[in-house]
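As structure tokens, the structure follows; a few thoughts come after it.
None of the figures in this text is laboratory data; all of them are computed from the coordinates on show. Computed from a predicted model, the values in this text were never measured in an experiment. Every residue, glycine among them, receives a Cβ derived from its backbone with ideal geometry; neighbour counts consider all protein chains shown.
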Amino acid sequence: MYFLLAALTSFSVGFLITPIVISVLTKAKIGDAPGGRKIHKKFTPSMGGIGFVLSTLVSMGIWAWQFPLPDIRYLLGAIAVMFFVGLRDDMVELKAKHKLAGQFVAVVLVVVAGDIRIRDFHGFLGLHEIPLLISYGFSSFVLLALTNAFNLIDGLDGLAGTVASISLALLGGWFYVQGLESFAVLSFTLLGGVLAFMIFNWHPAKIFMGDTGSLTLGFALGSLVVAFMEYNAALPVDAFLKLEPSFTAGIVLMIYPLYDMARVFTRRISQGRHPMTADKSHIHHFLMRMGLKHNQVALTLGFLQLILIFLVFALGNFSDNIVLPILSAIVLFLGFQLDKVTVKFVKEKVRNSPRVLETRPLHSGKKIKIKLVEQSVESGNMNLN
């Protein structure tokens, strides 16, 4: 009951705060103007992450004191650090190395101080417990990858919020069932704030997340996923909702951001470009080229994410060595089919479009009426110089 109230509190505060944030940012002209790679058609304020981060903090302040918060005190501090990194980048753009350095500080707080890290591969590829320093390094890399992968998918109205909401709801429910109350309350308060934000971010969006929101949310989600993987692996074999493919279960909760990042980086590198070069090669761009609208793309990708998550849960008695190849094969097949269908659709569209300087004949049955309006020129003095 407390967790439901925490989520409702966060939702209510976010619903009340976000319009104020929109008004302030619009007056301050802080946001994204249309043009270039932007696919929106008017000025839209960004930094919408302010709304759901504040609502999460307010709700945590009201409800979380009764749970063992020392478990997540470093995680909360790291989320605050990541929030200010995103805020600074939205207001005054950071260089890539400075942005990465700020992210690394937050990651170290979680991995080293908070001890939320990947300790064991649990037999995946024949690997088990890994040395401490390798655990720190690998966990830091994973968290940075999850954070920036999530940041990259924030390019469409409602998409990042949809992906995050699904994962947060499942994580919150799982943590609650396992008695991990501090992680559960954080998951549910974040969920409430994100759902409130999505009311204003759904197409046509009145506000965007910005790096303030996408970096903070991606980092929080990535940290919760790593915690889920380790706590799940530590459960007894016969525990309720114990998943044997622990590594795969964590991956599938962030499967779309991870696959999309790997896909666009591979395409860019194969074309001789820097992997961080901005373009329109993301999956959501391909789906929009096929004629889908923002909300249709968000719902389609969210639905696919749910199917893949439930597939992994259905295969919960098998090891990572079996489930991860199956998941990878399905995702790669779907991605290949998407590319194939999109290219075919675009070629067909180009084939049916008029060529340059080409004119299409008018339909013979149509009549064109031209109305001439009589105008007169009044006499007056004219300067002929």
Checklist outcome for this item: Protection proxy (average C-beta count within 10 Å per residue), highest first, orders 295-308, 332-345 as 295-308, 332-345
Checklist entry - Sorted by average packing, counted as other Cβ atoms within 10 angstrom per residue and highest first, what order do 63-75, 91-103, 256-268, 215-227 take? => result 215-227, 256-268, 63-75, 91-103
Checklist entry - Hey, got the dipole for region 2-349? About the Cα centre, +1 on K and R Cβ, -1 on D and E Cβ, debye to the nearest 20? => result 1600
Item to check | Net length gained if the chain between Arg351 and Leu241 were fully extended (0.36 nm per residue, minus Cα distance) | outcome: 34.4 nm
Item to check | Charge-dipole axis of the chain as Lys and Arg at +1 and Asp and Glu at -1 on Cβ define it, positive-most pick from Val225, Leu87, Leu332 | outcome: Leu332
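If packing is taken as the average number of other Cβ atoms within 10 Å across a peptide's residues, how do 44-55, 136-147 rank, most packed first?
Descending mean neighbour count gives 44-55, 136-147.
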Checklist entry - Which whole-Hz couplings ³J(HN,Hα) result when phi for each residue of region 74-80 is put into the Karplus expression 6.51 cos²θ - 1.76 cosθ + 1.60, θ = phi - 60°, listed in order with x for Gly and Pro? => result 6, 5, 5, x, 5, 4, 5
Item to check | Binned Cα-Cα distance frequencies in the chain - 20 Å width, integer % | outcome: 25, 52, 15, 6, 2, 0
Item to check | Mean Cα-pair separation over length for region 2-349, i.e. relative contact order, pairs under 8 Å, 6 or more apart, % | outcome: 23
Checklist outcome for this item: Binned at 10 Å starting from 0, the alpha-carbon pair-distance distribution of region 95-250 in whole percents comes out as 10, 37, 35, 15, 3
Next on the checklist: How much of the pair distance distribution for region 231-327 lies past 19 Å, counting alpha-carbon pairs only, in percent?
Outcome noted: 54
Checklist entry - Given labels modelled 7 Å from the Cα in the Cβ direction, how far is it in nm from Val341 to Asn321? => result 3.5
Next on the checklist: If amide hydrogens are placed 1.01 Å from N in the peptide plane, which non-local residues have theirs closer than 5 Å to the one on Gly31?
Outcome noted: Ser46
Checklist entry - For the chain, what is the mean residue ellipticity at 222 nm derived from helices alone (per DSSP H run of n ≥ 4: -39500 (n - 2.57); sum divided by total residues; nearest 500 deg cm²/dmol)? => result -21500 deg cm²/dmol
Item to check | Residue with peak Gaussian network fluctuation, the chain [Cα springs, cutoff 10 Å], from His274, His282, His294 | outcome: His274
